[in-house]
Structure formats: C-alpha cells, structure tokens
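S.K.: My questions all concern the structure below.
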Amino acid sequence: MNTVNKTSLLTGALAGVTAALLSMGANTQSSLTIVLYAASALPILIAGLGWGNAAAITAIISAGATAAALISPQFALLILVVTLIPAGWLSHLANLARPATELGGPDGALAWYPLSDILSHLAGLVTAGMIIVGIIVGYDSGVSDRMVDIVIEAVKAQEPLYNPDAAAIAQIKSIFTLALPLIQGAVWVVMLFTAYYIATRIVQMSGKSLRPREDIPSTLRMHRNAIFIFLGGLVLTFLGGAPATIGALICGTFGAGFLLAGFASFHFRTRGKSWRLPVLWIAYLSVLVFTIPAIFFLLTGLTDTRRTIAVTPVGKN
C-alpha cells in the first residue's frame, strides 16, 4: 500500500540507526535496560506504519548492520529476533487490508487485519525469539539456579540468621526455573504491545497512518485458537527440563496477551460508569503491587475471545 521511494528508504535507514543506538544504550543504562530495549522497537514500528514495508525492512537491515558493526554480530542477531523483526512484522500486519466485500461487508470499504490476530502474532513472535536467544546464549536451568544463589547470598548478608536448608533451596530453584521464562515472556509482550500502541498514536497524529484509529477496549482480544496454545504450554510445564521451560515461556507470552485482552474487556465493560476511573486505578495498582489479581484479568481474557474487524470507507485515511 506504499510505494518504494527515496523518502521511505531514507526514513527506514534513519529509523534503523536510531533503533540500534537505543539497543546499545540499554547495555550501558542498567536501570533503564528493558525500557530502552522496548523503545528500540518504536522507530521500526513508526517507519513501517507510516511509510510501509520497504521502510520497515530497510530499518531492520540498517539496525542489524549498525549493531553488528558497533557491538558484535551476536548482539545484532539477538536484538533482531527479539525486538526488531517482531516490530517490523507487526507494522506489516497492521497495514494489511482487503475489500470488505470479500468478508461479506459493504461495497467501497476496506476490512483491516484484526487486532486480535496482531496480538496473537506478537505472542508467537516473542516466544520464537526468546527460544532462539536461549539457544544462542546457551540458556538452561543453571542460569536461574545461579540467580537464586545470588539472591540467597544477598539475603544472608542482610540477615545472618537466614539459613534455608538444601530442600528449601532446591524447591525455590525449581519454581524459579519456570518463573523466570514466564515473567520474561510476559513482560516483553506487554512492553512491545505498548510500543506498538504508542507508535500507532504517533503515526496517526502525523497524518501518515494507513490504519484507522481503533477502539482498543472493544477490539483488543485474543484469537480463540490461542487458548489451545496457552493450554499446550501449561501441559509442557509438567514435563520437566527444556520442554517445561518452553512451556513456561508460552504461558508467559500468550498469558500476557490474554491479560491485555482482559484489561481491555474491563475497560469496555466499565465504560460510562461514574465509578470507572477510581476502579481502573485500583485494578492496575493491585496487579502491580500484589500480582495475584492479574489472574482475574487473565481469566477474563480467556473467556472473551473474538475477532473484531475494523471497516473503513476506501480513501478515508
């Protein structure tokens, strides 16, 4: 839907260099690491959403080349599979549209790729990317075990009387082996979707957006087939070893998708209520502070799966 021209290629090249520099900055600012890594997806998303696939592909290539030249090819590969390629693919999906008549819609209208499918693709991309990263860096249970040992030693330094027995330490390590990939996958899906949301708003304000602005509370859901992937990941967690780690990762990535859908559904159902704003604040704070209330929103997302297709007149955007 966008023609290839010098402007799109130049925009993509600049976006790629910016993305690479943001990723490199994440290595030097430990307190902002995850934010900077997620922010590196923004230039790719903006280029793709506003200038099309040519700009997104150019941005990904230039980002990878810049990172490889300034840091290392391995670093470039890591940011490509976890951040940059998923961002480019999301922008491609968001710009997909077909005549609404093909889906039984009105003449002279376009039907856009469903947001539910975009979110499901994001969960799948993050899962695949993190598995590739695990293979590259040689991730195994020893990584989480070492992190538990570091935490226990830090606690012992603060509380000399703290001395858990070997059985308790082994149980903590077994739990953390599954918790680490689950949390990492969930956080990354949420961060990348946040970057996608911010990018769409920026592009819309600039007047370059192809996709119409959507009502997120009513359209952000997961594809119903994603439930089976989530349940498959849950089954894998009981197998132990690498399958359990992959299962936990799947539960984290797709669970995050259902969690986002649950929050969107909650926003939609409370719309127009006088008590809506304070309840939303309490809901978000309870999840951030206590975590357990997230189960309610996860279940809401699991029970409310559907595909809402945005339809706009041809030429509206």
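S.K.: Given the options TRP281, TRP188, TRP51, state which has the largest fluctuation in a GNM of the chain using a 10 Å cut-off (strictly under) for Cα springs.
M.R.: Comparing TRP281, TRP188, TRP51 in the GNM, the peak value goes to TRP281.
S.K.: Kindly write out, for the stretch 49-57 in residue order, the coupling ³J(HN,Hα) from the Karplus curve 6.51 cos²θ - 1.76 cosθ + 1.60 (θ = phi - 60°), rounded to whole Hz, with x marking Gly and Pro.
M.R.: Those phi angles translate into 5, x, 10, x, 4, 4, 5, 5, 5 Hz.
S.K.: Counting only residues 5 or more places away or on other chains, whose amide H sits under 5 Å from the amide H of LEU110 once H atoms are built in the peptide plane?
M.R.: Under 5 Å from the amide H of LEU110: ALA100, THR312, VAL314.
S.K.: Continuing with this model, one more query. Which of the listed residues, GLY50, ALA94, ASN163, is farthest toward the dipole's positive end in the stretch 27-176, when Lys, Arg count +1 and Asp, Glu count -1 at the beta-carbon?
M.R.: Going by the Cα projections, it comes out as GLY50.
S.K.: What residue among THR11, THR291, THR303 shows peak mean-square fluctuation when the chain is described by a Gaussian network model with Cα springs under 10 Å?
M.R.: Of the options given, THR291 has the highest mean-square fluctuation.
S.K.: Here's something else I'd like to know. Given the options GLY138, GLY104, GLY233, which has the most mean-square fluctuation in a GNM of the chain, springs set between C-alpha atoms less than 10 angstrom apart?
M.R.: Answer for the Gaussian network model of the chain: GLY104.
S.K.: Also, I was wondering about something else. Can you compute log10 of I(q)/I(0) for the chain with the Debye formula, treating each Cα as one identical point scatterer, at q = 0.10 Å⁻¹?
M.R.: -0.64
S.K.: Tell me, what is the per residue accessible area of the chain in Å², probe radius 1.4 Å?
M.R.: Values: 15950 Å² over 317 residues.
For the chain, the solvent-accessible area averages 50 Å² per residue.
S.K.: So if each residue of separation counts as 0.36 nm, and I subtract the Cα-Cα distance between LEU299 and ALA69, what length gain in nm does that give? Walk me through the numbers on the way to the answer.
M.R.: Details: separation 230, 0.36 × 230 = 82.80 nm, distance 4.54 nm.
Roughly 78.3 nm would be gained on extension.
S.K.: Now for a different question. Taking the chain as the reference, fit the longest principal axis to its C-alpha atoms, fit the long axis of helix 115-137 to the helix C-alpha atoms, and give the angle between the two in degrees, 0 to 90, nearest 10.
M.R.: Tilt of helix 115-137: around 40 degrees.
S.K.: Still on this structure, please answer the following. Taking only Cα atoms, what is the 0 to 90° angle, nearest 10, from helix 241-269's long axis to the longest principal axis of the chain?
M.R.: 50
S.K.: A further question on this structure: Would you pull out the residues with amide H under 5 Å of ARG221's amide H, same chain only if 5 or more places away, H placed 1.01 Å from N?
M.R.: SER116
S.K.: Helix 226-236 against the longest principal axis of the chain: what's the angle in degrees, Cα atoms only, rounded to the nearest 10?
M.R.: Between the helix axis and the principal axis of the chain, the angle is about 20 degrees.
S.K.: Restricting to Cα atoms and excluding each atom paired with itself, what does the Kirkwood estimate give for the stretch 28-163 in Å? Present the calculation step by step, with values, prior to reporting the outcome.
M.R.: Details: mean 1/r = 0.0559 Å⁻¹.
In the stretch 28-163 this quantity evaluates to 17.9 Å.
S.K.: Now a separate question. Taking amide H positions as placed 1.01 Å from N in the peptide plane, with prolines and chain starts having none, which residues 5 or more places from ARG307, or on another chain, fall under 5 Å of its amide H?
M.R.: Amide H neighbours of ARG307: none.
S.K.: Projecting each Cα onto the charge dipole of the stretch 162-317 (Lys/Arg +1, Asp/Glu -1 at the beta carbon, about the Cα centre), which of LEU192, ILE292, LEU220 comes out farthest on the positive side?
M.R.: Ranked along the dipole, the leading option is LEU220.
S.K.: Please list, in order along the stretch 10-17, the HN-Hα scalar couplings obtained from phi with the Karplus expression 6.51 cos²θ - 1.76 cosθ + 1.60 (θ = phi - 60°), rounded to whole Hz, x for Gly and Pro.
M.R.: With coefficients 6.51, -1.76 and 1.60, one gets 5, 4, x, 4, 5, 5, x, 4 Hz.
S.K.: On full extension of the chain, what length is gained from ASN5 through LEU231, given 0.36 nm per residue of separation minus the C-alpha to C-alpha distance?
M.R.: Numbers: separation 226, 0.36 × 226 = 81.36 nm, distance 4.52 nm.
My answer for the length gained is 76.8 nm.
S.K.: Each label point is 7 Å from the Cα along the Cα-to-Cβ direction; what then is the distance between the points at PHE290 and LEU277, in nm?
M.R.: 2.4
S.K.: Quick one: pull the percent of accessible area on the chain belonging to carbon and sulfur, 1.4 Å probe, ligands and nucleic acids left out. Display every interim value, and only then the final one.
M.R.: On the way: 11160 of 15950 Å².
Heavy-atom surface of the chain belonging to carbon and sulfur, 1.4 Å probe: 70 percent.
The values are calculated or read from the model by the stated rules, or taken from the named source; none is laboratory data. Given the structure is predicted, the values throughout are model-derived calculations rather than measurements. Glycine also receives a Cβ, built like all others from the backbone with ideal geometry; neighbour counts cover every protein chain displayed. Areas reflect the complete protein model, heavy atoms only, side chains present, ligands, DNA and RNA absent. Shrake-Rupley method; radii C 1.70, N 1.55, O 1.52, S 1.80 Å.
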